[in-house]
1. Given a cut-off of 18 Å, name the pairs among K118/K175; K13/K115; K175/K197; K25/K196 whose C-alpha atoms lie farther apart than that in the structure shown.
2. So what's the back-of-envelope 222 nm ellipticity for the chain, counting only DSSP H runs of four-plus at -39500 (n - 2.57) apiece and dividing by all residues, rounded to 500?
3. Determine which residues of the stretch 139-183 fall in the zone a paramagnetic label at W110 would reach in this model, i.e. backbone nitrogen under 14 Å from the point 7 Å along Cα→Cβ.
4. Once a ≥ b ≥ c are taken as the square roots of the eigenvalues of the Cα gyration tensor of the stretch 3-60, is the result rounded (a/c under 1.5), prolate (a/b larger than b/c) or oblate (a/b not larger than b/c)?
5. Report the GluC sites (Glu not before Pro) located in the stretch 1-86 that are in a DSSP loop and have at most 16 other Cβ atoms inside 10 Å of their Cβ, or state none.
6. Among bridges DSSP assigns within the chain, what percent are antiparallel (round to 5)?
7. Which whole-number percentage describes the relative contact order of the chain, with Cα contacts under 8 Å and a sequence gap of 6 or more?
8. When only Cα pairs under 8 Å and 6 or more residues apart are kept, what is the percent relative contact order across the stretch 41-148?
Amino acid sequence: MEKPHSPSCDRNKEAIVQILSSLLKDKNHILEIGTGTGQHAVYFAARMPHLIWQCSDRLENHSGIRMWLDEADLENTPDVIELEVNSTWPSFENEVDAIFSANVVHIMSWDSVCKFIKSAAESLAPTGLMIFYGPFNYNGEYTSEGNANFDIWLKDRDSKSAIRDFEAMNNEAGKTGFTLQRDFEMPANNRILVWKKLL
């Protein structure tokens, strides 16, 4: 099997890690939801060696992720774990103090996004962070023509997929005990959204 590779991960990893390095400087244990290829995980974990970077994904993606983890051979990247957003999440016993997910919420249904946020609230330690990277709409409007075209592609691929509205995300997060901390503008019409779990 050839090691999986995402060109977009190469393009955005440096911009993302600059933000994450500041957000996560006092954190210890990060859970990544939807690790994908594994490229982000090894790059971020190498740049932030104080963190345990826990990869998770559906079982069918594990072999590719392990290829990246094995090649990097980092001490702070334990083996990937199986996690299905719509199923019961593993118990993390308050060890996880941040959850990170890149380009995931727009490829799942809104129902699944709501389950994601609810499970994140249950899994995070008090004052933990929930961090999303990707494209988002504001006031029901696309932030670029490229995002509008991307949304058409998403819905053609799966009618339940869509670029998510920031306001809907923020409302759902608020209902499950999160408060918005930061909203970062990123290259290529993406954002990093950061919510903090209340005590």
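1. On the way: K118/K175 9 Å; K13/K115 27 Å; K175/K197 11 Å; K25/K196 15 Å.
Over 18 Å Cα-Cα: K13/K115.
2. Working: 6 runs with 74 residues, N = 199.
After summing the helix terms and dividing by residue count, I get -11500 deg cm²/dmol.
3. 139-141, 159-173
4. On the way: a/c = 2.31, a/b = 1.29, b/c = 1.79.
Note, shape of the stretch 3-60 comes out oblate.
5. Details: sites: E2, E14, E32, E60, E71, E75, E82, E84; in loops: E2, E75, E84.
Counting only loop positions with at most 16 other Cβ atoms within 10 Å, the GluC sites (Glu not before Pro) in the stretch 1-86 are E2, E75, E84.
6. Values: 15 of 32 bridges.
About 45 percent, rounded to the nearest 5.
7. Details: 351 pairs, mean separation 36.3, N = 199.
Normalised by residue count, the contact order of the chain is 18 percent.
8. Working: 117 pairs, mean separation 25.0, N = 108.
Relative contact order comes out at 23 percent.
Each reported figure results from applying straightforward, stated rules to the coordinates on display, with no laboratory input. Quantities reported herein were computed from a predicted structural model and do not represent experimental measurements. A quick note on method: Cβ atoms are made from the backbone with ideal geometry, for glycine too, and the neighbour counts reach across all protein chains shown.
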